[in-house]
Amino acid sequence: MGGLIEIPYLKQPWEQRTLRFDWTQDCQPLIDNGYAFSTTVVAVFDSSGVDVSSTLIQGTPARTGNYVYVTVKAGTDGQDYYGRIRVTLTKALSEDEKIEADFLIQVREKGK
């Protein structure tokens, strides 16, 4: 999976940015074979495994074509967060295809 602004994504606590994830490499062969996107789920967890999606994700992630857009906000200085995107593709009379990708968000205040 490509298309993330930076890997890991380094942000300051105040920043809010929309990241674009490109699923073309993973999903286009399935789409060419008759599959269609069904669901997209994005979650973010802190280092203890607690779901902090409501704090770090602004609004609802959007999908346009093979891209998923996620707006990341807030975070505590010095903390790392672990994002997960899951997409499900469906095709009549076929088993669902499920693809997952993970990304790291590092929150660091600069110029303290």
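From largest to smallest, the equivalent ellipsoid semi-axes obtained for the stretch 52-112 from the alpha-carbon gyration tensor read 31, 12, 9 Å. If you plug the beta carbon distance of Asp46 and Thr24 into 1/(1 + (r/R0)^6) with R0 = 25 Å, you get a FRET efficiency near 0.25.
Taking the empirical scaling 2.2 N^0.38 Å for compact globular proteins as reference, the stretch 5-112 has a Cα radius of gyration ratio of 1.18.
Calculated [222 nm] ellipticity per residue, helices only, for the chain: -3000 deg cm²/dmol; basis is -39500 (n - 2.57) per DSSP H run with n ≥ 4, divided by all residues, nearest 500. Taking the stretch 22-50 and a reference point 7 angstrom along Cα→Cβ of Ala92, the backbone N atoms nearer than 17 Å belong to 31-38.
Taking amide H as placed 1.01 Å from N in the peptide plane, the amide H of Glu109 sits under 5 Å from that of Gly78, each at least 5 places away or on another chain. Only lysine pairs 8 or more places apart or on separate chains count here, and in the chain those with Cα atoms under 17 Å apart total 4. On the beta carbon distance between Arg108 and Asn33, with R0 = 35 Å, the FRET formula returns roughly 0.25. The charge dipole of the stretch 47-106, taken about the Cα centre with unit charges on the Cβ atoms of Lys, Arg (+1) and Asp, Glu (-1), comes to about 220 debye, rounded to the nearest 20.
Since every read-out is calculated from the coordinates, none of them should be taken as a lab result. Just so we're clear, the structure is a prediction, and the values are computed from it rather than from any experiment. As a convention, Cβ positions derive from the backbone with ideal geometry for all residues, glycine included, and neighbour counts pool all protein chains shown.
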